[in-house]
Amino acid sequence: QVQLVESGGGLVQPGGSLRLSCVVSGIAFYYAAMDWYRQAPGKQRELVATITNTDSPIYGDSVKGRFTISRDNAKNTVYLQMNSLKPEDTAVYYCHVPARDAWGQGTQVTVSS
């Protein structure tokens with residue numbers, strides 16, 4: 001059974017930073033590509049970033065240059081470092097294993113002054 005547990009969300013002022021973490025169990029993490037998605041109220045879920053099993057990152061246009069996805073295979077963990085946050089980044093952020101279509105419970109990120 002695949003389990004994903006996100007953490008690190010919160011309230012931050014515009015221009016601030018947060019780092020999200022997602023701990024994964026129940027899969028061979030080393031071989032898995034990983035995604036971060038987000039969903040704002042009234043909007044569709046949006047792919048934020050992907051990291052392949054060979055550590056290659058792919059970013060959505062809205063976060064390029066501000067967000068960084070990374071992974072630590074020894075800890076079965078994927079991270080999302082978010083810098084220069086904007087109010088439009090406010091959303092629930094979800095970790096996802098595309099090979100299993102498995103989702104975490106989400107963590108709320110609110111960017112507001």
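What the table shows:
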{"item": "Residue satisfying all of: in the stretch 60-82; part of a loop (DSSP other than H, G, I, E, B) and of a type outside the set (Asp, Glu); most open to solvent (accessible area, probe 1.4 Å) among these", "result": "64"}
{"item": "Qualifying residue in the stretch 3-19 (condition: touching a residue at least 12 places away in the same chain (Cβ under 8 Å) and touching an Asp or Glu at 6+ places or on another chain (Cβ under 6 Å))", "result": "no"}
{"item": "Filtered residue count, the stretch 61-87, keeping only those that are touching a Ser or Thr at 6+ places or on another chain (Cβ under 8 Å) and of a type in the set (D, E, K, R)", "result": "2"}
{"item": "Output for the stretch 27-59, where each listed residue is part of a loop (DSSP other than H, G, I, E, B) and in contact (Cβ under 8 Å) with a residue 60 or more places away in the chain", "result": "27, 32, 33"}
{"item": "Matching residues in the stretch 83-113 - criterion: being open to solvent by 10 Å² or more (accessible area, probe 1.4 Å) and among the charged types (D, E, K, R)", "result": "86, 88, 100, 101"}
{"item": "Single unsatisfied condition, residue 4 versus (1) open to solvent by 80 Å² or more (accessible area, probe 1.4 Å); (2) under 15 Å from the mean Cα position of the chain (by Cα)", "result": "(1)"}
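The values are calculated or read from the model by the stated rules, or taken from the named source; none is laboratory data. All values reported here derive from a predicted model rather than from experimental measurement. Cβ atoms come from the backbone with ideal geometry, glycine included; neighbour counts cover every protein chain shown. These accessible areas exclude ligands, DNA and RNA; they are computed on the full protein's heavy atoms, side chains included. Shrake-Rupley method; radii C 1.70, N 1.55, O 1.52, S 1.80 Å.
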